[in-house]
Amino acid sequence: MGLELPKNPDMDQDNVVNFTDSEIVSHVKDALTSLLSGDSNSYNQLVGVMHHSKQLAPDEVALLETTLKALAGAVSCIDITLHDSLLSAIFSMSLWNYGPHVADALVELIVSLAISNGKYLDLCLGMLVSNFTPPPYFLDKLKLPRGLERKGQVLSRVHAAFKKIADYVPLAPLRLLTMVQQGMPTVYHKDRAILIYVENMLTLESGEIGELVGSTMLMAVVDRLIELDLEIGWDAILQDDFSKGIFEMELEDLEDIVDSAEPDIGEFRLSRKSLAGNSIAELLDNLLVLTFEHLESCERAGRLAKVFETLLRSFLLTVMTAYKSKFTQFVVFYACSLDPENCGMRFAIMLADLFVQDSHPQSTRMSSVAYLASYLSRAKFLSASFISSMLKRLVDWCLEYCNTHDVDINPNAHRVFYSGCQAIMYVLCFRMKVFMDVPRLKSQLLMPLEQILKHKLNPLKSISNIHSIFPVQSQSSIINSFIRPMFVFWSMVKPTYEDAYDDENDDGSSDDDSIQDFANENEDIMNDVGKSFDEQQLDLDEFDCALKKMSITPKNSFGYKFGGRFQEPTRMPSRIRPSTSPESL
Amino acid sequence: MEGLSVADADLVVYLHPSKSSKVSQAILRELSSSLFKFNETFGGVLLAYDVNILDKQAKILSGVHPYFGVRLKANLLLFSPKSDMLLEGKVVKLSQESIHVIILGFSSAIITAENIRREFKYKTKDNEELFASRSHKRHVIKVGTMIRFLVKSFDEEILHIIGSLMPACTGSIRWLDRNSEEISEFDRSATKSTDREWQEDKTVDEGATPLSYNNHIQKFKKRRISED
């Protein structure tokens, strides 16, 4: 036996001796206080028991458990400076190494320490947070049944401990918040500890102290997703042969997430071909899956509306302002798809509200309408009437703008207007079939739209930006994945128009003409771009030339004619602003 | 309860230029961020505030970011516990080793066994843990009881208090208030004497004669003599 117990003449190593809990506690107290008087024997034995933690025999396990329980009762005698060796031994123990009984005792000790003195609170919370992730040797075993069992056992105790501490120290969650945020492993950790850490953060969000810490946890997770998201942009740029396999990606999976009524997240996998097995992509992939699963569980628990508010806030703060965020927006899109009536519509309305308000900065408004266009065109779960009402809002705003600005084209001065027009066009192209089916919508939307397009401000000229987004997109093969659906759609658009045109032969109205021309021109643009992609070898050396070839200077290959109205070569906007265009979508 | 105070303060809140279109909101946010934290300037924990903007004109600070300072008149509710103050809180956890208390719903306190006077004995009754007074049967402290205790020390960062139940004027508030006149003899000069409670609670544990109990008997006897 490690602990010195009172000399009992009847005591024998083989006999079972029953000491009461209070007796054991008082012995431990004696051991602790004896250090003051210089007698460190019993104290050292205590510390020894704490350190002896691997490959324990059953009686050693029992001893450890008893000692921990006794210490829990003796916390008032523990001095932070005097007993620092004992404390450091306790705080370095990992719950993952022990079975349920010892884990219970250890957690009890930690909770007792935390609530006994303010000095220990941070240390105890820190110890619990460090138990979010298993020791390195355990990480591989996480997928095995035994590993999963241990994981459930440890994490349930950790989160229960947080609740207990919060019950007795009401301000503990506040301290916990900062601790969890600061303790987040970076994305560059080889051991992928961040995955299980984020899982814990999401558990906190939906857990018993979720009211207090939930929104911060969620926003921190989204921040991490953005970080990875932007990281991928860089990695793809530095790839040598990303041009190969660009169009062999499993794009359908990406679309499925957003479009289908019941998306199957199991299929959501970023293709590794185009990213050359990029581990960051894999990590982002896994984190997104975690987030999606969490959103699903929120929806099942009826909490999605509240969680959505946090997501929206996070979206406004981080996703929308992030330059070229590609995937994180899907977190919001996915939440919308889980609850189309509330969240789905709320998101679109919020974006539209942002766009029309003068008080917001230009870049916010342009970004907002671009995301709106992306959302409206992809979200199959939104009703046609809702989409048309959103579109009508945009059209009305653009028309109003035209009526109050009787000036010529000037891409710099009217950036918000042009981005609005671009968004309208974008959505129309994707959803034209819908509108063709409803003649009333056609007149409501298309007539004012014609006015806009024919206005002095000449939005169509600026919308030619659309083709300029492709070279920027070529910087990332992931972004290119969004071109492909556009290819599909663009080729579908023309036949639709043709049908409509044939049906309404008598009409022969001018608006049909102009839109027909527009579709033609843009289709040419798309096709030409497609050709140039296949033809060119885009590697790092030629990247710059490729960019120049495809982008700013208009060339004959783009067939820039606008129905033959403009003879002179069109002037491109002086700056390509990718964030304003649907490329980020 | 001691430790709570209301203070009038003249404050200047410095706001970032981006907040110039929503000043009131920004001021409230700024002040709200200091709630439930110990503030050196105020000398206590800010619990609540009421503000009035004094002047529509604000001075702009020169610098990289031209923050502007808005002058306010504020009414602040502060919590500043100091040693030897008496505080009141609710017992949330009780064991032989300690009593855990929460004050005003946000501050936590612990009273360890060595700071609980000998008058109280730890008992388990019907699976419930409690501390019962040896001299007064009705004086019981258990989970949920509101108690009055003495502050020994206050950790400003965690807002955690180390408390003590040594003085006789500490314990279950309900019992103390009912028997307040009796207790008041100990630390304040008494105006009246009450025999009634005393005669009811005659039971005394054998061998347990806390110091305060002895004092109580002596003082009572003294007064009776003087009255007679």
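The values are calculated or read from the model by the stated rules, or taken from the named source; none is laboratory data. Keep in mind that this is a model prediction, so the values were computed, not measured. Because the Cβ atoms are built from the backbone with ideal geometry, glycine has one as well, and the counts that use them run over all protein chains shown.
Annotation: B:L87 fulfils all but one of (1) aliphatic (A, V, I, L, M); (2) within 14 Å of another protein chain (Cβ to nearest Cβ); (3) within 22 Å of B:L176 (Cα to Cα); the unmet one is (2).
Among the residues of the range A:157-180, count how many are among the hydroxyl-bearing types (S, T, Y) and closer than 22 Å to A:A220 by Cβ. Break it down stepwise before answering.
Going residue by residue through the range A:157-180, those that are among the hydroxyl-bearing types (S, T, Y) are A:168, A:178.
Within this subset, residues satisfying the condition of being closer than 22 Å to A:A220 by Cβ are A:178.
So the answer is 1.
Here the helices (runs of 4 or more DSSP H) wholly within the range A:78-137 that include at least 1 residues being within 14 Å of another protein chain (Cβ to nearest Cβ) are A:100-116, A:118-130.
Among the residues of the range A:339-355, is there at least one that is over 14 Å from A:F417 (Cα atoms), without any contact (Cβ under 8 Å) to a residue 60 or more places away in the chain, part of a loop (DSSP other than H, G, I, E, B) and in contact with a Gly (Cβ under 9 Å, 6 or more places away or on another chain)? Give the steps one after another, and end with the answer.
Pass one, the range A:339-355, residues over 14 Å from A:F417 (Cα atoms): A:339-351, A:353.
Cutting the leftovers down to without any contact (Cβ under 8 Å) to a residue 60 or more places away in the chain gives us A:339-351, A:353.
Filter once more, keeping what is part of a loop (DSSP other than H, G, I, E, B): A:339.
This time we only want the ones that are in contact with a Gly (Cβ under 9 Å, 6 or more places away or on another chain), so: none.
Looking for residues that are over 14 Å from A:F417 (Cα atoms), without any contact (Cβ under 8 Å) to a residue 60 or more places away in the chain, part of a loop (DSSP other than H, G, I, E, B) and in contact with a Gly (Cβ under 9 Å, 6 or more places away or on another chain), one finds none in the range A:339-355, hence no.
May I ask you to list pairs of residues, at least six apart or on different chains, whose Cβ atoms are under 7 Å apart, with the first in the range A:170-183 being within 14 Å of another protein chain (Cβ to nearest Cβ) and the second being charged (D, E, K, R)? Note: pairs meeting the criteria are A:R175/A:D122.
Determine whether the range B:59-72 contains at least one residue that is away from chain A (no Cβ under 14 Å), among the small types (G, A, S), part of a strand (DSSP E or B) and out of contact with any Pro (no Cβ under 7 Å at 6 or more places or on another chain).
Going through the range B:59-72, the residues away from chain A (no Cβ under 14 Å) turn out to be B:59-72.
Then drop every residue that is not among the small types (G, A, S), which leaves B:62-63, B:69.
Then keep just the ones that are part of a strand (DSSP E or B); that gives B:69.
Then drop every residue that is not out of contact with any Pro (no Cβ under 7 Å at 6 or more places or on another chain), which leaves B:69.
The answer is yes; a qualifying residue exists.
Selection within the range B:114-164: residues that are of a type in the set (A, V, I, L, M) and within 14 Å of chain A (Cβ to nearest Cβ). The member of this set that is surrounded by the most Cβ atoms within 10 Å (Cβ to Cβ) is B:I161. Of all residues in the range B:98-110, those that are facing another protein chain (nearest Cβ under 7 Å) and within 9 Å of B:G163 (Cα to Cα) have Cβ atoms under 6 Å from Cβ atoms of residues that are of a type in the set (S, T, N, Q) and in a strand (DSSP E or B), 6 or more apart or on another chain, in B:I110/B:S98.
Scan the range A:267-309 residue by residue and report those that are among the polar types (S, T, N, Q) and either touching a Gly at 6+ places or on another chain (Cβ under 7 Å) or modelled with pLDDT under 85 (or both). Let's see the steps before the verdict.
Let us first name the residues in the range A:267-309 that are among the polar types (S, T, N, Q), namely A:271, A:274, A:278-279, A:286, A:291, A:297.
If the condition is that a residue be among the polar types (S, T, N, Q) and either touching a Gly at 6+ places or on another chain (Cβ under 7 Å) or modelled with pLDDT under 85 (or both), then A:S271, A:S274, A:N278, A:S279 are the ones that fit.
Considering the range B:20-55, and only residues there that are within 14 Å of chain A (Cβ to nearest Cβ) and touching a Ser or Thr at 6+ places or on another chain (Cβ under 8 Å), the residue that is farthest from B:N75 (Cα to Cα) turns out to be B:S21.
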